[in-house]
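The structure under discussion appears below in the form of structure tokens.
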There are 4 protein chains.
Amino acid sequence: MAVAITLLALNLGVQGPGHGALLELIAKQWPAFAAYVVSFFIIGIIWVNHHSLLQNIAHVDRPLLFINLTLLLFVVMIPFATATMAQYLTADDQNAHIATAMYGVVLEGMGLSFAAIFGWSLGDGRTHNPVPAGAVGSAWLRFSLGALAYLGAIAVAFISAPLSLAIIGGIALYYVFERTPPSAA
Amino acid sequence: MAVAITLLALNLGVQGPGHGALLELIAKQWPAFAAYVVSFFIIGIIWVNHHSLLQNIAHVDRPLLFINLTLLLFVVMIPFATATMAQYLTADDQNAHIATAMYGVVLEGMGLSFAAIFGWSLGDGRTHNPVPAGAVGSAWLRFSLGALAYLGAIAVAFISAPLSLAIIGGIALYYVFERTPPSAA
Amino acid sequence: MAVAITLLALNLGVQGPGHGALLELIAKQWPAFAAYVVSFFIIGIIWVNHHSLLQNIAHVDRPLLFINLTLLLFVVMIPFATATMAQYLTADDQNAHIATAMYGVVLEGMGLSFAAIFGWSLGDGRTHNPVPAGAVGSAWLRFSLGALAYLGAIAVAFISAPLSLAIIGGIALYYVFERTPPSAA
Amino acid sequence: MAVAITLLALNLGVQGPGHGALLELIAKQWPAFAAYVVSFFIIGIIWVNHHSLLQNIAHVDRPLLFINLTLLLFVVMIPFATATMAQYLTADDQNAHIATAMYGVVLEGMGLSFAAIFGWSLGDGRTHNPVPAGAVGSAWLRFSLGALAYLGAIAVAFISAPLSLAIIGGIALYYVFERTPPSAA
């Protein structure tokens, strides 16, 4: 996951001397900075949750390996999707909508892969400390809400790209304060 | 290995605004995306198998160090070979064949280095849990099949570059579902 | 943090053959090398201190997670701020002042985030080995001096960019020899 | 150290379609590939030796931290020095000599920093298993030979850049087969 954060930061950068006032150069790049912060927290949260989910897993088998690689595949695509969105966010044409929707699709893929790992972990004897039965339902509810929220952001992307980014930022903020799946502590 | 995955993802990217419809720009890059997915799973699988093989090794000596560095040398060349193949895959000339064959050669080098580590691990007292005698033969068989399959993909590259990539993708898919060397569990 | 150091090193580089004497090409890039060394030690120090602070923490909760991600957000911005400063340091105009001040602001944000982690760690039962009461005051004093020194460097940036970089280098040198927070050993 | 290897691999790459035969494009880049292989093994060896040296250290203090950061500073500069040398190696002018000498200087700095860590580790009570008295002398001898060999390569760089690279490759090969400092096993 550190990989994905590395690539995110590569998107930051301004032109060198000779292109006018530095503050204006930076201000014009606000989509890159906003996208960087949003994607940074999204990857940070999934990193922490993924780590605590995997620590609880007793034995890794082939299906889990495959799901996990799929999750990673989406995570490593986030920097690409972020960069594309940041470049097109302030364009006036159809491309801004498509770039932002594509960003949402990558996040949706990431969210669903993570939910699949959680689903796998519910199988008998697969975790050191099974998730309590009462918590399973609320975890699924939260995964579903997250998946729906990303779908909503994808739909909104076709109306307003910046609004879609704001919704995705809101989802990230929500997950900073709310852990999925719930831990016993 | 995380290094190699980082570099893979650097190959993804589209041109900024002003070059036409975004969807068309992305569609034209299908070789880059296909190559990214194939190489991603190849590195992911070798990562997992390498990790479980090394965990079983009791004492690291100079020859193992040298073989291991050679393996890493090939792994870190995968992103370069992937990028070159992706750039040339849809070219109509001889270069498409050469770029794809080169990709196969790097994978062959990686596969042979990994087989060399396995061979080394069969020596007396080199592993915590020796591979059962019955499983050694089937492991060698699988290594040989993999090495032959890559050789086949290299040969096919001179006929059809996309077909060669498809074969390599098939090998990757096969290894996702089949672990080499076999574990006791 | 390794991520941030990776990105730092990406800023080093000279033009290829055909641009004159190599030694002159490198000499003209002294701001990039000076900035690299300063930022390298700043990230190195925060890495070590962060590692020893986190090792002492008994249980990670949501606020700590949030503060920690904020710290990382600033750390990962250091290479961008370093590159921008290095590019503009020898420019004669207002941009040199702004680029250097921006560098100081990112370091100030990093320092305050790290102080916030330290503050959090003082809560009851949050660390394995609580910081001795006598050492808490001196740790806060050092954090405050650091924060003030960065503020000073930001102010000086508007008078002389190279002098500001020299002050920041001095702060880094000070922290190499002085550990914050103090360990018992 | 993974960082430095990442950056090394970034130097590999060929031009896209439309620049002639791919095999010729790659052949023209032989200095980049030779330099990649040499630097790869140099970093790989220092990584392994550094790891085994640090594992033996009982308590990290400020001087060690400072020496270690200095070592890392040189290691992270290797990709830059490698890229510069690879670019200039086949140039006919003075720049080829300077670029190759600079590469040797960075390696010399790395070697001396590593020797300094070894020297530090000889202090009373600093290691779990002190290096046997008899082995200390032979370790110093090998460090001195290494330092002299790099000095020789720097001197040769001013006569023939490719010969200097060959000497450095020979030093790397030597260290692959000879561990410094010697382990008890």
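Helices in chain C, meaning DSSP H runs of at least 4 residues, each add -39500 (n - 2.57). Divided by all residues, the mean residue ellipticity at 222 nm is -25500 deg cm²/dmol. Shielding by partners for peptide D:70-76, expressed as the average number of C-beta atoms from other protein chains within 10 Å of each residue's C-beta, is 3. Once you've got the GNM for chain A with C-alpha springs shorter than 10 Å, pick whichever of A:38, A:76, A:60 has the biggest mean-square fluctuation. Largest GNM mean-square fluctuation: A:60.
Amide H contacts of residue A:127: A:58, each under 5 Å away and 5 or more positions distant or on a separate chain (H built 1.01 Å from N in the peptide plane; Pro and chain starts excluded).
A simple charge model with +1 on the Cβ of Lys and Arg, -1 on the Cβ of Asp and Glu and nothing else charged puts the dipole of chain C at about 300 debye relative to its Cα centre. Taking B:129, B:95, B:11 in turn, the Gaussian network model of chain B (Cα-Cα springs below 10 Å) assigns the largest fluctuation to B:129. Between residue A:140 and residue D:135, what is the FRET efficiency for a Förster distance of 41 Å, r being their Cβ-Cβ separation, to the nearest 0.05? Efficiency computed from Cβ-Cβ geometry: 0.10.
Other chains near B:42-52: what is the mean number of their Cβ atoms within 10 Å of each residue's Cβ? Please report the intermediate quantities before stating the final value.
On the way: counts 0, 1, 7, 3, 0, 1, 5, 0, 0, 0, 1.
Mean number of neighbouring Cβ atoms from other chains: 2.
Taking amide H as placed 1.01 Å from N in the peptide plane, residue A:89 has no amide H partner under 5 Å among residues 5 or more places away or on another chain. For region B:2-177, the relative contact order is 27 percent, taking Cα pairs closer than 8 Å that sit 6 or more residues apart in sequence and dividing their mean separation by the residue count. Specify whether the C-alpha gyration tensor of the protein assembly as shown places it in the rounded, prolate or oblate class, a ≥ b ≥ c being the square roots of the eigenvalues: rounded for a/c under 1.5, otherwise prolate if a/b is larger than b/c and oblate if not. Rounded.
Ratio of alpha-carbon Rg to the 2.2 N^0.38 Å globular estimate for region A:2-177, to two decimals, please.
Working it through for region A:2-177, the quotient is 1.15.
Phi angles of region C:74-83 translate, via the Karplus equation with coefficients 6.51, -1.76, 1.60 and θ = phi - 60°, into HN-Hα couplings of 6, 4, 6, 7, 4, x, 5, 5, 5, 4 Hz per residue; Gly and Pro are given as x.
Phi angles across region A:121-138 convert, under the Karplus curve 6.51 cos²θ - 1.76 cosθ + 1.60 with θ = phi - 60°, into 3J(HN,Hα) values of 5, 7, x, 3, x, 8, 10, 5, 10, x, 5, x, 3, x, 7, 4, x, 5 Hz, Gly and Pro given as x.
A cut-off of 5 Å between modelled amide H atoms, ignoring neighbours fewer than 5 places along the same chain, links residue C:61 with no other residue.
Could you please state, rounded to a whole Å, how far the C-alpha centre of region D:74-107 is from the C-alpha centre of region B:64-96? Each part reduced to its Cα centre gives a spacing of 24 Å. Residues in region A:55-64 carry Karplus couplings, in order, of 4, 7, 8, 7, 8, 8, 10, 4, x, 4 Hz; the curve used is 6.51 cos²θ - 1.76 cosθ + 1.60 with θ = phi - 60°, and Gly or Pro positions show x. Taking 7 Å steps out from each Cα toward its Cβ at residue C:30 and residue C:56 produces label points 4.1 nm apart. Since only C:164, C:29, C:64 are under comparison, the one whose Cα sits farthest along the positive direction of the charge dipole of chain C, derived from C-beta charges on Lys, Arg, Asp and Glu, is C:64.
Taking the Cα centroid of region B:108-174 and of region A:123-144, what is the distance between the two, rounded to the nearest whole Å? Region B:108-174 and region A:123-144 have Cα centres separated by 38 Å. In this simple spin-label approximation, residue D:23 and residue B:47 carry label points 7 Å from Cα along the Cα→Cβ vector, and these lie 3.5 nm apart.
Only the coordinates and a few stated rules stand behind these numbers; no lab work does. Keep in mind that this is a model prediction, so the values were computed, not measured. Ideal geometry is used to build each Cβ from the backbone, glycine not excepted, and the neighbour counts take in all protein chains shown.
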